[in-house]
Protein chains: 2
Amino acid sequence: MLGKHYLLNLYGCPFYLLNDERFLIDLMENAAVASGATVVETIYKKFDPQGATVLTLLEESHISIHTWPETGEAAVDIFTCGDANPKIGCDIIILQLKCANSEFQYIER
Amino acid sequence: MLGKHYLLNLYGCPFYLLNDERFLIDLMENAAVASGATVVETIYKKFDPQGATVLTLLEESHISIHTWPETGEAAVDIFTCGDANPKIGCDIIILQLKCANSEFQYIER
């Protein structure tokens with residue numbers, strides 16, 4: 001097995017959270033650490049007029065978020081190899097983004 | 001729909017390609033452009049004693065590769081929103097990495 005990949009689609013999240021790139025950077029890095037992963041580097045882009053992408057390179061693979069504040073939607077991936085438990089990170093992200101609904105897919109690769 | 005997500009698991013790739021981070025950076029960026037996407041920024045990490053991760057932030061989401069040269073394996077994600085066609089990028093990556101076998105999963109998010 002190459003690793004554990006969690007794909008989250010989040011709906012009904014507040015605009016102000018999905019449009020706050022600093023909040024999203026902290027959220028990705030904190031979710032990674034809570035999952036037992038080690039952050040190497042994070043990059044991001046804030047889009048005009050709204051929305052953001054954050055990508056965090058982990059020792060164990062990566063975590064990413066893309067947001068559409070105008071519709072309250074976000075797409076999150078947590079992909080880890082080794083002993084990390086990305087389900088913990090998923091739960092943190094769902095909670096912190098205050099989403100009304102979420103879809104969740106787990107793929108062993 | 002949030003976007004098109006292609007997950008590729010590649011097997012039987014040559015060690016020297018999977019361990020060449022410069023080759024992998026070019027491959028990710030070229031595959032993104034060929035898919036009709038626009039590269040914003042790429043980060044990478046070369047692992048010791050072998051292996052690499054490359055993450056490329058796109059205007060349309062992201063593309064990533066994680067490699068395990070010791071077993072000839074790699075995991076690639078291409079996630080795009082909008083009009084990009086990531087299937088083209090997948091075909092380029094499979095060809096350029098000279099893999100013996102590949103598994104392919106397409107998810108509409």
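Please state the charge dipole magnitude for chain A, taken about the Cα centre, from unit charges on C-beta atoms (+1 on K and R, -1 on D and E), reported in debye and rounded to the nearest 20.
Details: 7 positive and 15 negative charges, 21 e Å.
For this selection, approximately 100 debye.
Position B:Lys87: other-copy label points at 3.5 nm, ordered by increasing distance, label point 7 Å along Cα→C-beta. Just checking the listed ones, A:Val33, A:Val54, A:Val76: in the Gaussian network model of chain A with Cα springs under 10 Å, the one fluctuating most is A:Val33. Under the shape rule built on the C-alpha gyration tensor, where the axes satisfy a ≥ b ≥ c, the range B:34-109 is oblate, since a/c reaches at least 1.5 while a/b does not exceed b/c. Taking every protein chain into account, the 1.4 Å probe leaves B:Thr38 with about 70 Å² of accessible area, to the nearest ten. What pairs from A:Lys45/B:Lys4; A:Lys4/B:Lys45; A:Lys45/A:Lys87 go past 23 Å between their alpha carbons? A:Lys45/A:Lys87, as the Cα separations exceed 23 Å there. Per DSSP H run of at least 4 residues, take -39500 (n - 2.57); add these up for chain A, divide by its residues and hand me the 222 nm value, nearest 500 deg cm²/dmol. One gets -7500 deg cm²/dmol as the mean residue ellipticity at 222 nm.
If we count every other residue with Cβ under 11 angstrom of B:His62's Cβ, Lys/Arg +1 and Asp/Glu -1, where does the sum land? Taking every Cβ under 11 Å from that of B:His62, the sum is -4. Note on the protein assembly as shown: with charges restricted to the Cβ of Lys and Arg (+1) and Asp and Glu (-1), its dipole about the Cα centre is near 180 debye. Specify the angular offset, from 0 to 90 degrees and rounded to the nearest 10, of the alpha carbon long axis of helix A:21-34 from the longest principal axis of the alpha carbons in chain A. Around 20 degrees separate the two axes. Largest GNM mean-square fluctuation among B:Ile88, B:Ile65, B:Ile25, using chain B with Cα springs under 10 Å: B:Ile88. Label point of B:Phe15 (7 Å along Cα→beta-carbon): distances to the other copies' equivalent points are 5.6 nm, sorted ascending. B:Asn101 label point (Cα plus 7 Å toward Cβ) to equivalent points in the other copies: 3.9 nm, shortest first. Comparing A:Phe15, A:Phe79, A:Phe47 in a Gaussian network model of chain A (Cα springs below 10 Å), the most mobile by mean-square fluctuation is A:Phe47.
Using R0 = 30 Å, the C-beta based FRET efficiency linking B:Val33 and A:Tyr106 works out to 0.45.
Once C-alpha pairs closer than 8 Å and six or more residues apart are averaged by separation and normalised to the residue number of chain B, the relative contact order reads 43 percent.
Within the accessible area of the protein assembly as shown, the carbon and sulfur atoms contribute 47%, probe 1.4 Å, all protein chains present. Rounded, prolate or oblate: which fits the protein assembly as shown, taking a ≥ b ≥ c as square roots of the Cα gyration tensor eigenvalues, rounded meaning a/c under 1.5, else prolate when a/b beats b/c? Prolate is the answer for the protein assembly as shown, as a/c is 1.5 or above and a/b outweighs b/c. For the range A:8-49, the square roots of the Cα gyration tensor eigenvalues, ordered a ≥ b ≥ c, give a/c of at least 1.5 with a/b no greater than b/c, which places it in the oblate category.
The values are calculated or read from the model by the stated rules, or taken from the named source; none is laboratory data. On a predicted model such as this, the values are computed, not experimentally measured, just so you know. Glycine gets a Cβ as well: all are built from the backbone with ideal geometry, and neighbour counts include every protein chain shown. SASA here: full protein model, heavy atoms, side chains in, ligands and nucleic acids out. Shrake-Rupley method; radii C 1.70, N 1.55, O 1.52, S 1.80 Å.
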